[in-house]
Amino acid sequence: MSDAPLIRHLGLAPYEPTWRAMQRFTDERDSSTPDEIWFVEHPPVFTLGLNASREHVLRPGDIPVVQIDRGGQVTYHGPGQLVVYPLIDLRRHPLGVRELVMALENAVIAYAAELGVAAASSRTAPGVYVDGAKLASVGLRIRRGASYHGLALNVSLDLTPFERINVCGHPGLAVTRLADHAPRLAGPGAMDAAAGALTPHLFRQLKFEPVDSGPDYSAINTDLQAVNSR
């Protein structure tokens, strides 16, 4: 097991500055830098993976398209989607890259089960699905032995922008959100509730200090400017 990471809640933060902050954190960290997990929502944006094809962006309209350095094809981020960025030094952590992807998926599956929702991963495409519809996407980048980018969980967001893309490069792939299966996540406070309930599952699956040892799940509410000025 590894020491518990620092958890930061960044609120609603623009995509590109958050991405650059993750890159900077990864480039500047050393062997003594604590791992961090960032929870954030983004204003509407489509993101394309490093080798993604723009043919999967069908009708972007007024939503910006940003080409980034994670794996995978195109996805959508918007308010009501819980984005989780695990900034983990894999050189000192008991997880490889594939295990990290599976850990993020399994954390969502366990949280969904807690809500009475039967979710599953797929052998053919990363992510978490409910009855064949995508509930969460996973896309990572490993640089200097450390991870950034991560997990996007649909909690209560407007799903219509997904109609403007081939989700994750798969024409016709349906998407879903937790609020459609657990109505209590459709109202105020849903994002904070989802982040709080997902955290112990992340700790367990990412092999941080075991839940029964009483890790500190307290989080720092940090705006992006403060992150960038560290």
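The values are calculated or read from the model by the stated rules, or taken from the named source; none is laboratory data. Small disclaimer: the values here were computed from a predicted structure and weren't measured. Methodologically, a virtual Cβ is constructed for each residue, glycine included, from the backbone with ideal geometry; neighbour enumeration extends over all protein chains shown. Just so you know, the surface numbers come from the protein's heavy atoms only, side chains and all, with ligands and any DNA or RNA stripped out. Shrake-Rupley method; radii C 1.70, N 1.55, O 1.52, S 1.80 Å.
Evaluate the Debye formula for segment 1-56 with equal point scatterers sitting on the alpha carbons, no solvent, and hand back log10 of I(q)/I(0) at q = 0.20, 0.23 Å⁻¹, in q order, two decimals. Reported log10 I(q)/I(0), two decimals: -0.90, -1.03.
Loop-located trypsin sites (Lys or Arg not before Pro) across segment 78-143 with a Cβ neighbour count of 11 or fewer within 10 Å are 91, 123, with loop assigned by DSSP. Site pair residue 67 and residue 3 shows an inter-label distance of 4.0 nm when each label is modelled 7 Å from Cα along Cα→Cβ.
With both labels modelled 7 Å from their Cα along Cα-to-Cβ, the residue 120 to residue 30 distance reads 4.8 nm.
A P(r) calculated from all alpha carbon pairs of the chain, with 5 Å bins opening at zero, reads 1, 7, 15, 20, 22, 18, 11, 5, 1, 0 percent. The candidates 50, 151, arranged from most to least accessible area with a 1.4 Å probe in the full protein assembly, appear as 50, 151.
Approximating the spin labels as points 7 Å out from Cα along Cα→Cβ, the residue 97-to-residue 163 distance works out to 3.6 nm.
Across all Cα pairs in segment 20-98, the calculated P(r) in 10 Å bins from zero up to the longest distance comes to 15, 40, 32, 11, 1 percent per bin.
In the chain, what % of DSSP beta bridges are antiparallel (nearest 5)? Display every interim value, and only then the final one.
Details: 28 of 41 bridges.
Expressed as a percentage, antiparallel bridges in the chain total about 70.
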